[in-house]
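Working notes, structure below.
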Amino acid sequence: MQDTIVFMQRELRLAQQTVLFDKDATVALYRETITVPGADSCKCISCKNFAAQRGRVFPEAFIQFLSGLGVDPLKEWEAFDYDFDSRNAKRSVLCGGWFLFVGQIVEGIERKRERPDDGFSYWFTTSFPAGTLPPDLKLCAVEFLGQIPWVL
Ligand SMILES: [Zn+2]
């Protein structure tokens, strides 16, 4: 019998959005392509603050959600923050970022980025900085936004 490539496309729904995703290909993406968390390759203070507490700031449900897609929750593609005022007296910061996976949005519109009411939110998006990524990969992102402690 010949080897056949089987695309394990599965469907996942989140609020008003539905994606098709390929978990095995996403696991391979994190093994071969996204091997360093984005915030580690940036020198800005926001990224340092995020990196200092990586793995401890996300709700457990979000980590489960990412794992279900095949995403490594410790390897964000990029992180950023929204607070541009002085951080001297800051206790927390509104922080966002993207995790990439192999897949596509098949239903539902792009969500507008808005401040979460309950501290943390996430959704699917096709708009993220694509930078150095191999163009042959069909990638989609989970964007997150939430308040995280300022620990620096
Ligand atoms: Zn940065």
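What to note about this one:
One line per residue, one yes/no per condition, for (1) part of a strand (DSSP E or B); (2) under 21 Å from GLN9 (Cα atoms); (3) not β-branched (Val, Ile, Thr):
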site: CYS95; (1), (2), (3): yes, no, yes
site: PHE99; (1), (2), (3): yes, yes, yes
site: VAL102; (1), (2), (3): yes, yes, no
site: ILE105; (1), (2), (3): yes, yes, no
site: THR132; (1), (2), (3): no, no, no
site: GLY146; (1), (2), (3): yes, no, yes
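- Taking every residue in the stretch 20-35 that is under 24 Å from GLU107 (Cβ atoms) and pairing it with any residue that is assigned to a helix (DSSP H, G or I) and of a type in the set (A, V, I, L, M, F, W, C), at least 6 positions away or on another chain, the pairs with Cβ-Cβ distances below 8 Å are PHE21/LEU69; LYS23/LEU69; THR26/LEU69.
- Residues that are under 23 Å from VAL102 (Cα atoms), free of Cβ contacts under 8 Å to residues at least 40 places away in the same chain and of a type in the set (A, V, I, L, M) within the stretch 50-69 comprise ALA61, ILE63, listed in sequence order.
- Looking at the stretch 1-81, the strands (runs of 3 or more DSSP E) lying wholly inside it that each contain 1 or more residues that are more than 16 Å from the ligand (Cβ to nearest atom) sit at 9-14, 17-22.
- Qualifying residues in the stretch 121-138 (those that are under 21 Å from ILE109 (Cβ atoms) and either free of Cβ contacts under 8 Å to residues at least 40 places away in the same chain or hydroxyl-bearing (Ser, Thr, Tyr) (or both)) - the one surrounded by the fewest Cβ atoms within 10 Å (Cβ to Cβ): SER127
Each reported figure results from applying straightforward, stated rules to the coordinates on display, with no laboratory input. Predicted model only: the values in this text are computed from it and were never measured. Note that we place each Cβ from the backbone using ideal geometry, even for glycine, and neighbour counts take in every protein chain shown.
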